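Peer 1: Can you keep this structure in mind? I'll have questions shortly.
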Amino acid sequence: MDHTNVEDLESEAYRDSYSDGLVDMFIGLGMALIGGTWLWFETQAGVVGGIAAVIAWALVPIRRRIVEPRIGYVRWTPPRLKWERKQKKLVFWILTAAILLGVAFAQANVQGDEIPSGDRNVVAALPAFLLAIGAFVVAAKSHVRRLWGYGAVLLAAAAVTIALEAGPGGSLLGAGTTIGVSGVALFGRFLRLHPTAGTT
């Protein structure tokens, strides 16, 4: 078996290792909680970073407890691990930028700062737009097709935000709920297809 085929097999295995929907579910839940915080608790907009941190921290142990006993643990090659670290950094910085923009927008509203109407619409849509770009970039590099759909959902949410002259909360709540529901469906299918020993 040549080197290229080994890399292709690893890429396919890597994609399959994230087909359980758990990451989708957590990302969707995080976005929905952040969006809801901006939407209904604007004066507490600063807590959204804490929400994201708690959700990211909880994902790894839950994955180890639920997913790995069913499909095992795979040790990836150094190039794959390096690539994965780069993707995580990219997602981290895009998420950080989106959160900071949303918090700045919310704080400006709370403090009564005047934001020009056109600028206001664009700024409010930027968190969803940035997350859409992140989804597209990761989709292109990882070849996970459903990420293209998630990016499209986020772009649509950004467009609706501009059209309705709304804040960033509603767009992330709607997009996050959509992505979370998709994750729940994928996770349910994963549990049915990969029962633990003794539950078949």
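Peer 1: Just to be sure before I move on: is residue 37 at pLDDT below 70, of a type in the set (Ser, Thr, Tyr) and either touching a helix residue (DSSP H, G or I) at 6+ places or on another chain (Cβ under 6 Å) or surrounded by fewer than 16 Cβ atoms within 10 Å (Cβ to Cβ) (or both) in the structure I sent?
Peer 2: The answer is no for residue 37.
Peer 1: How many residues are under 14 Å from residue 122 (Cα atoms) and free of Cβ contacts under 8 Å to residues at least 24 places away in the same chain if we restrict to the range 142-167?
Peer 2: Qualifying residue count, the range 142-167: 4.
Peer 1: Taking the residues in the range 46-78 that are assigned to a helix (DSSP H, G or I) and among the basic types (Lys, Arg) as candidates, determine which candidate is modelled with the lowest pLDDT.
Peer 2: 70
Peer 1: Which of the residues belonging to the range 164-173 are surrounded by fewer than 21 Cβ atoms within 10 Å (Cβ to Cβ) and part of a helix (DSSP H, G or I)?
Peer 2: 164, 170, listed by residue number.
Peer 1: With the requirement that a residue be modelled with pLDDT of 75 or more and charged (D, E, K, R), what does the range 79-107 give you?
Peer 2: Hits for the range 79-107 are 82, 85, 86, 89.
Peer 1: Looking for whichever is in contact with a helix residue (DSSP H, G or I) (Cβ under 7 Å, 6 or more places away or on another chain) and either in a helix (DSSP H, G or I) or under 23 Å from residue 100 (Cβ atoms) (or both) here; the options are 159, 124, 140. Which one fits?
Peer 2: Of 159, 124, 140, the one residue that is in contact with a helix residue (DSSP H, G or I) (Cβ under 7 Å, 6 or more places away or on another chain) and either in a helix (DSSP H, G or I) or under 23 Å from residue 100 (Cβ atoms) (or both) is 124.
The values are calculated or read from the model by the stated rules, or taken from the named source; none is laboratory data. Because the structure is predicted, anything quoted here is derived from the model rather than measured. Backbone-built Cβ (ideal geometry, glycine too); neighbour counts: all protein chains shown.
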